[in-house]
1. Given (1) of a type in the set (A, V, I, L, M, F, W, C); (2) more than 19 Å from C127 (Cα to Cα); (3) in a loop (DSSP other than H, G, I, E, B), where does A272 come up short, assuming only one miss?
2. Taking the stated definitions as given, is E94 of a type in the set (D, E) and in contact with a Gly (Cβ under 9 Å, 6 or more places away or on another chain)?
3. If the requirement is being outside any helix (DSSP H, G or I), modelled with pLDDT under 95 and surrounded by 24 or more Cβ atoms within 10 Å (Cβ to Cβ), which of these qualifies: G266, G260?
4. Which of the residues spanning segment 46-88 are free of Cβ contacts under 8 Å to residues at least 60 places away in the same chain and more than 21 Å from G18 (Cβ to Cβ)?
5. Looking at (1) hydrophobic (A, V, I, L, M, F, W, C); (2) in contact (Cβ under 8 Å) with a residue 40 or more places away in the chain; (3) within 27 Å of M85 (Cα to Cα), which is the one condition that is false for L267?
6. Take the conditions under 21 Å from S11 (Cβ atoms) and at pLDDT below 95 and apply them to G277. Does it pass?
7. Please work out which residue is modelled with the highest pLDDT, limiting yourself to segment 328-347 and to residues that are assigned to a helix (DSSP H, G or I) and buried (at least 18 other Cβ atoms within 10 Å of the Cβ).
8. Tell me whether segment 399-406 contains one or more residues that are within 21 Å of R310 (Cβ to Cβ) and surrounded by fewer than 16 Cβ atoms within 10 Å (Cβ to Cβ).
Amino acid sequence: MFHVAIDLGASNGRVFLGKFSSAAPEISEAYRFANAPVFERGHWRWNWAYLRSEIRLGLRKAAELAGHERIVSLGCCSWAQDFVMLGANGAPLENPICYRDEFTRRLPQAFAGVVAPADLVKRVGCCISPITALCKLKAFREKYPELLQKTKTILHMADMVHFDLCGKALTDWSFATAGQMFNIAKQEWDFDLLERLDIPAGILPPVVAKPSVIGKISPAISPHPALNNVKIVSTVHHDTSCATAVLRPLAAGTFFISLGSYAMPGLVLNSAQWPIGANPEEHSLIGIADRRWALFAGCAGLWIIQECCRLWQKEGRHTDYEHLAQLAGKSAYQGIIDLNAPHFSKPANMVAEIKKTCREAGFAEPKEIGDISKFVFDSLAAGFEGSIRSLEKAGQTPCKKLFLIGGGSRNKYLVRQIKERMGCDIEVGPAEATAIGNLMLQREVVDV
């Protein structure tokens, strides 16, 4: 008896097959595909038709891998903020704009006259950042109002996958808390805030409060006969939040870093109360697994080295991540900078941007792949330490143990640098925390 987890990330997507013989699932990767924004109609966007096609191919491969054993459920998790706008007929109006696009630049400061950024954060939890779903909707209101008028509903990426398979237009609690539109005191969409910003609240989907079955795959649109009538489970759609299920019992004071394309250092809290020491420009309060809350300090992640790899691959150079970690360990390069700087968000050439920044900072220009890799990993480790220290201060809680989860936990060099900087007990893995958390939550709600 199998469950299927779709882990849709901002650099790649994976489809996993999982079964349980103990508390943790045995997982197999059925399919992996690349994901990258494309420049289309003036913006960096996600190619929904491509993602849909690749996900369905992955589901067919998962069904084939399962053989004669039954698949009983399926669920998808993805990154937050970006969404698809659906028209009255349920079809996408356009490809969704990527969070790395400058579409929302200068927000939320631009509507500070309506709601002060610091007050906004305490109201909805998310930090002062232009990448939130709220800022994106406000940008649509200002720049493309006619498109917003045509929109019947919006669905985040994981929500869109579920909608495509079972026709249910829903979101889950974790996504709602991450988008800057959910009132953390009232525990519902902040309709007053949306009205003040002239954003139509009617386009927001219903929120699934806890993991549950939301539908079944219709045989008419099923990617494979073995998936006909398989239950679609809304687990915890936000990938980082879903990954926290592997850290149960999620005791307050638990520190962790989810290491992926975007890194998410977090601290589990007792409640949704905004900590007195938290910084509105740095911290976000987001719902995690088991209806718990965590304070996050998002920062640059592995996307930076992934962008370097993309360029190196075009040159025919070896860019296996394990190989890069080995090269970094052999390099003598010295230099650390803040990779959260805006110019690292979406440069035309990441390698050139790194070299330029090092020169301007007075460092030697890193020329070899190993030097550049070491520079990136060392800078990431320094950034992670700074984020954890800020969470310690905000939560008035010392970090005595730190969990490193997600794909980046496989990078032995990076993990070693984090250990040296933190000087506390470090527990590493699982690397596939999001998929494992998804599978665990599916199992708990599916009545077979």
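The values are calculated or read from the model by the stated rules, or taken from the named source; none is laboratory data. What you see is a predicted model; the values in this text were computed from it and never measured. Methodologically, a virtual Cβ is constructed for each residue, glycine included, from the backbone with ideal geometry; neighbour enumeration extends over all protein chains shown.
1. The number of the failed condition is (2).
2. no
3. So the residue among G266, G260 that is outside any helix (DSSP H, G or I), modelled with pLDDT under 95 and surrounded by 24 or more Cβ atoms within 10 Å (Cβ to Cβ) is G260.
4. N47, A49, Y50, S53, listed by residue number.
5. (3)
6. no
7. Among those residues, the one meeting the criterion is A328.
8. Among the residues of segment 399-406, not one is within 21 Å of R310 (Cβ to Cβ) and surrounded by fewer than 16 Cβ atoms within 10 Å (Cβ to Cβ), which makes the answer no.
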